[in-house]
Amino acid sequence: MNMNTNTNNTTTKALATSHILWLFAIGQLGWSILSGIISNWLVYFYQPSQDLQNQGMPIFITQGAIVLGLTTIGAITASGRLIDAFLDPWIGGKSDASKNPRGRRIPFMQWAAIPFGVATTAIFIMPINHESAINNATLFTLVLIFYFCMTCYCTPYNALIPELGSTKELRINVSTSISTTFFIGTAVAYLVPNIAGALPQAWGFVTNFRITVAILSTVAIVCMLMPTFTIDEKTYATMEPSTIGVWESLSKTFKNRQFQIFIASDVLYWIGLTIFQTGMPFYITELMGFDASMTFFLFAGMTVISLLFYPAVNIAAKRIGKKPLVFSAFMIFVLGFVLTSQAGQFGIPSIVWAVVMVILAAVPMAILGILPQAVLADVAQADSIESSEKREGMFYAARTFSMKLGQSVAMIVFTSVALIGSAGMGYRLTALIAAGLCLAGGLIFATYAEKRVLEQIGHAD
């Protein structure tokens, strides 16, 4: 054990070693697989393209716009995420106030891991093998369970980031490690059609798809349980529970000016990113003309290139700060999304569009994969110094809320806009909308007072 200590708490705590940080990051590998499966393939499975329907893909839920352009899958996923989003502060507050002798975070994570994985698999299994209102209700229920389990695992998990990352350098290091496993997990999630395609074709596409999800969900469960059995939370994190109520804690969290800037930018980022992420299988198949299995290879390319930039991002953030890097990442995403909206046009080969998309996404993926978590850890620590209250869980619950709110809006936008026009017009519009949202998010983040926050926590490091 590293004998250096964290003196930021009233009780002396050990500093987390690199080994501990990577054990912690394995949990992120697990939940990012599950999140990636739902983000990338739920709409693909339940609102299939005409080409996929022509190949024999059955329809399980009501199709088309049901009201004001809103589709059934859009309404289900958006409402599920939105309802659960409002549970995030409650879970965050319960975690902050927990008096469990094993810690405030680990017990929540351990309880939620298995139901989280089981719910992911169950989402793709409907009781009726054709379009049915019963399937609509079943899917809504399962989506709600999925996001509730996600909250129970991820909110306490994220609250450990500033506790394991108790110094400025450790915050960047832990953000780097979990970002690495996040992108690996997301890449693994893109393997669903590849793995399904390798299974006996006689079983059928739907059965193979479900088996694949079950396999990956099992792997994810094992990964999520890993840190809960290998990390002694009380060695590294404060055990002192928060004494203020959930809603008072939430109110105080949102009164923090720098957090307001962060969360406003983050909501717009998640809307834009989720629109683009949901659209990727369609951009690749409908605009570029590739097979769905190509999705994995392109995302894997993004991930590999992105990971190559991780050391540079880690070093640059420590030298020039996080703010200029995050802002530049937003702008690069804007350019990449705009160009993706034009894919398949002007006589340019599809492979060129694909390479451009991969390269332009790789760098901002590295930056925004690492630094927002570290920024939030800075803000949470500065707030704890100012208020003398330990509310890390609430800060990260609020970010989880922003993520789910963004994803809710994104699903409504994507599933509705995708139906506009013909010849891929709707898909192109979704990419342009994603670009506009990232532009707005970047401009808001430009007002973040990083210097002031770092000066406030400087003495604690």
Flag if Pro349 is at pLDDT 80 or above, surrounded by fewer than 24 Cβ atoms within 10 Å (Cβ to Cβ), touching an Asp or Glu at 6+ places or on another chain (Cβ under 7 Å) and not β-branched (Val, Ile, Thr): no
For Tyr396, work out the one condition from (1) surrounded by fewer than 24 Cβ atoms within 10 Å (Cβ to Cβ); (2) touching a residue at least 40 places away in the same chain (Cβ under 8 Å) it doesn't fulfil. (1)
With the condition kept exactly as written, say whether any residue in the stretch 422-429 is surrounded by 20 or more Cβ atoms within 10 Å (Cβ to Cβ), touching a Ser or Thr at 6+ places or on another chain (Cβ under 6 Å) and among the charged types (D, E, K, R). yes
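Identify all residues within the stretch 289-307 that are part of a loop (DSSP other than H, G, I, E, B) and surrounded by 21 or more Cβ atoms within 10 Å (Cβ to Cβ); write none if there are none.
Taking the stretch 289-307 first, the residues part of a loop (DSSP other than H, G, I, E, B) are 289-293.
Answer for the stretch 289-307, where residues must be part of a loop (DSSP other than H, G, I, E, B) and surrounded by 21 or more Cβ atoms within 10 Å (Cβ to Cβ): just Ala292.
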Just one listed residue, out of Val188, Val192, Val206, Val219, is modelled with pLDDT of 80 or more and either touching a strand residue (DSSP E or B) at 6+ places or on another chain (Cβ under 7 Å) or surrounded by fewer than 18 Cβ atoms within 10 Å (Cβ to Cβ) (or both), and it is Val219
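Have a look at Ala329, Ala343, Ala317 and point out the one that is of a type outside the set (S, T, N, Q) and within 20 Å of the chain's Cα centre (by Cα).
Details: Ala343 fails: within 20 Å of the chain's Cα centre (by Cα); Ala317 fails: within 20 Å of the chain's Cα centre (by Cα).
Unique residue meeting the criteria: Ala329.
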Report, ordered by the first and then the second residue, all pairs with beta carbons closer than 6 Å, sequence separation of six or more or different chains, a first member in the stretch 406-418 that is surrounded by 24 or more Cβ atoms within 10 Å (Cβ to Cβ), and a second member that is outside any helix (DSSP H, G or I). Thr415/Thr71
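Of all residues in the stretch 21-54, which are assigned to a helix (DSSP H, G or I) and more than 22 Å from the chain's Cα centre (by Cα)?
Step one: of the stretch 21-54, the residues assigned to a helix (DSSP H, G or I) are 21-46, 50-54.
Of everything in the stretch 21-54, those that are assigned to a helix (DSSP H, G or I) and more than 22 Å from the chain's Cα centre (by Cα) turn out to be Gln50, Asp51, Leu52, Gln53, Asn54.
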Of the conditions (1) under 20 Å from the mean Cα position of the chain (by Cα); (2) of a type in the set (Phe, Trp, Tyr); (3) surrounded by fewer than 21 Cβ atoms within 10 Å (Cβ to Cβ), Tyr269 satisfies every one except a single condition; which number is it? (3)
Kindly indicate whether Pro89 is out of contact with any helix residue (DSSP H, G or I) (no Cβ under 7 Å at 6 or more places or on another chain), over 30 Å from Thr212 (Cβ atoms) and not small (Gly, Ala, Ser). no
How many residues of the stretch 233-269 are part of a loop (DSSP other than H, G, I, E, B), modelled with pLDDT under 80 and of a type outside the set (D, E, K, R)? The answer is 8
Would the stretch 418-431 turn up any residue that is modelled with pLDDT of 85 or more and either under 25 Å from Ala374 (Cα atoms) or within 17 Å of the chain's Cα centre (by Cα) (or both)? no
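I'm trying to understand the selection: among the residues of the stretch 430-461, which are under 11 Å from Val326 (Cα atoms) and surrounded by 20 or more Cβ atoms within 10 Å (Cβ to Cβ)?
From the stretch 430-461, those under 11 Å from Val326 (Cα atoms) are 441-443, 445-446, 448; that's our starting set.
Those that are under 11 Å from Val326 (Cα atoms) and surrounded by 20 or more Cβ atoms within 10 Å (Cβ to Cβ): Gly441, Gly442, Phe445, Tyr448.
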All positions within the stretch 106-123 that are over 16 Å from Arg210 (Cα atoms) and over 18 Å from the mean Cα position of the chain (by Cα): Ile106, Pro107, Phe108, Gln110, Trp111, Ile114, Pro115
Determine if the stretch 93-110 includes at least one residue that is in a helix (DSSP H, G or I), under 26 Å from Phe282 (Cβ atoms) and at pLDDT 80 or above. no
With (1) touching a helix residue (DSSP H, G or I) at 6+ places or on another chain (Cβ under 8 Å); (2) modelled with pLDDT of 80 or more as the list, and Lys451 as the residue in question, which single condition is left unmet? (1)
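The values are calculated or read from the model by the stated rules, or taken from the named source; none is laboratory data. Quick caveat: nothing in here was measured; it's all calculated off a predicted structure. Every residue, glycine as well, gets a Cβ built from its backbone with ideal geometry; the counts of neighbours run over all protein chains shown.
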